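Only one structure is covered here, and it is reproduced in the block below.
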Amino acid sequence: MSKFVVGLTGGIGCGKTTVTALFAKLGVQHIDADIVAREVVMPETPCLRAITQYFGNEILLPTGELNRAKLRQRVFTDAASKTWLEQLLHPAIRQQILRQLQELTSPYALLVAPLLLENKLDQYVQRVLVIDLPESLQLQRAMARDNADEQQIRAIMAAQLSRSERLKQADDIITNDSTPADLAPQVAALHQQYLQQANTAT
């Protein structure tokens, strides 16, 4: 991997999208792991064909697209199916991410992934940038954004790496506990740092 890549991560509701948009304003391109995960299971892809063979056609929507809710339900209660699905999708997602990163032209790139550390995608990046905020605020923001109840958001938070574990693995941290206006200077400072690091890395 010749490109200098910064892995941007953080728990649900921490502001990854907002921070990514600020980097984009500075001309930094990014790959979003969640979007890639959707791309590898589009109709006609080898992954979707394999999923249909394994789970049957009822795993599809009438449009021929993957019924994600149904798939989630199936693997949630069946550990063997979950393992099979992960072994199919994780390598396909990695391959696609690496290919897309190489095609980007900005001096350095962001790999935006909520599960960057959990799915070991940090092995493909030079720096890990964690967007951090107190858990109470995280809960509040995620509930408001997704119009979801507390139990639902807490379950998602529990499935993600703990805040302390995530911070332990961070090379850089952006604190997002006040207003979006306070993010811009933090992003600008890191942008300069990453440009220098990308320069010396090449």
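Here, each number is a calculation from the coordinates, and none is a lab measurement. Keep in mind that what you see is a predicted model, and the values were worked out from it rather than measured. Cβ coordinates were reconstructed from backbone atoms using ideal geometry, including for glycine residues, and neighbour counts include every protein chain displayed.
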For the stretch 66-119 versus the stretch 128-202, the gap between their alpha-carbon centres in whole angstrom: 20
Vicinal HN-Hα couplings computed from phi for the stretch 184-193 (Karplus, 6.51 cos²θ - 1.76 cosθ + 1.60; Hz; Gly/Pro x): 3, x, 5, 5, 4, 5, 5, 4, 4, 4
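What is the extension gain from Phe76 to Gln123, computed as 0.36 nm multiplied by their sequence separation minus the C-alpha to C-alpha distance, in nm to one decimal?
Roughly 14.2 nm would be gained on extension.
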Percent of beta bridges antiparallel (DSSP, the stretch 1-149, rounded to nearest 5): 10
Among Gln73, Gln102, Gln138, residue whose mean-square fluctuation peaks in a GNM of the chain (springs only between Cα atoms under 10 Å): Gln73
Relative exposure of Asp171, Asp122, judged by other C-beta atoms within 10 Å (fewest first): Asp171, Asp122
Dipole magnitude (debye, nearest 20) for the stretch 36-105, charges at Cβ of Lys, Arg, Asp, Glu: 160
Gain on full stretching of the segment that runs from Ser136 to Ala181 - 0.36 nm per residue minus C-alpha separation: 14.1 nm
Contact order relative to length of the chain, as percent, for alpha carbon pairs under 8 angstrom and 6 or more apart: 38
Likely footprinting exposure, Ile51, Ile131, fewest C-beta neighbours within 10 Å first: Ile51, Ile131
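Go through the stretch 71-165 and name the GluC sites (Glu not before Pro) that are in a DSSP coil and have 15 or fewer other Cβ atoms within 10 Å of their Cβ. Before the final figure, lay out each step's value.
Working: sites: Glu86, Glu103, Glu118, Glu135, Glu150, Glu165; in loops: Glu118.
Hits after loop and neighbour filter: Glu118.
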Compactness of the stretch 36-105, expressed as Rg and Dmax over alpha-carbon positions, Å: 12.9, 43
Cleavage-rule hits, GluC sites (Glu not before Pro), the stretch 1-85, DSSP coil, Cβ neighbours within 10 Å at most 11: Glu44
Cβ-placed point charges (K, R +1; D, E -1), dipole of the chain about Cα centre in debye, nearest 20: 260
The chain: mean projected area of Cα convex hull, nm²: 12.2
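Taking 22 Å as R0, compute the FRET efficiency from the Cβ-Cβ separation of Thr83 and Met42 and round it to 0.05.
After rounding, the FRET efficiency stands at 0.45.
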Gaussian network model of the chain, Cα within-10 Å springs - most flexible of Ile31, Ile59, Ile12: Ile59
